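What follows draws every value from the coordinates through simple rules; no lab data is involved. This structure is a prediction, so every number in the text was calculated from the model and none was measured. Virtual Cβ from ideal backbone geometry, glycine too; neighbours counted across all protein chains shown.
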Amino acid sequence: MKQLFDGVYEKNGTLLTLNARPGQRAYTEKLVNVGNKEYREWIPSKSKLGAAIKNGLKTFPFTRASAVLYLGSSTGTTPSHISDIVTDGTVFCVEFAERVMREFLHLAEQRKNLVPILADARKPQDYAWVGSVDVVYEDVAQPDLVEIGIRNAERFLKDGGCLMVAIKSQSIDVTEKPGVTYKACERKLRDAGYKVVETIILEPYEKDHAMIVARK
Ligand SMILES: C[S@@+](CC[C@H](N)C(=O)[O-])C[C@H]1O[C@@H](n2cnc3c(N)ncnc32)[C@H](O)[C@@H]1O
């Protein structure tokens, strides 16, 4: 087994995180025993962060003690893996759809470092109590997703912290080529004062998606 990043492993091509809740799954992942430890398979076709790692992501800002603001947590597939990694930290998870939030609450009951926030990520003033974070991770599939990410990063992200934005090009402009849309998103981030560190295309796991990593 190879360690790729803090808390992220790979065995025979399968990504793994150490299961913070042994015996329990968060979605349809397999549980894998290595030595006397239990890991969870991180399925890249179900998690854009997993896809970015498989496709060679170099910047991995999550550590054991990180505070993370996660925008668009849905039922918690990717947040569950971040929860495995930031064992001494906190993942503040913002989601505005009540139905998926109800499902997410079951996961958050089991994993105490996941903090559910039922709110619109366009209104960071509604969860101003979150305080400063090391990472803002965003996966909201909205036309104004870059603006939403910047608004949150301006309010919560520490200087030098990372803003990671999953771009769904079809949500931004269905008529434009994805590569052109990714460049336009990078430009918006630079214009707002962020340094674009890398952009990872997420195919074949996610069609017409990329992950942009920027630093404040
Ligand atoms: C692609 S899914 C996220 C999947 C999740 N990030 C994962 O990898 O496990 C996008 C989620 O963003 C949520 N969302 C979209 N716009 C939002 C907004 N303005 N505020 C909060 N959540 C939003 C949607 O309800 C949906 O659950």
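Can we say THR90 is within 23 Å of TYR127 (Cβ to Cβ) and either away from the ligand (no atom under 12 Å from the Cβ) or without any contact (Cβ under 8 Å) to a residue 40 or more places away in the chain (or both)? Write out each step before concluding.
Details: within 23 Å of TYR127 (Cβ to Cβ): yes; either away from the ligand (no atom under 12 Å from the Cβ) or without any contact (Cβ under 8 Å) to a residue 40 or more places away in the chain (or both): yes.
Yes; evaluated as a whole, the condition is true for this residue.
Here the stretch 58-114 is the region considered, the condition is being part of a loop (DSSP other than H, G, I, E, B) and of a type in the set (Gly, Ala, Ser), and the residue that is surrounded by the most Cβ atoms within 10 Å (Cβ to Cβ) is SER73.
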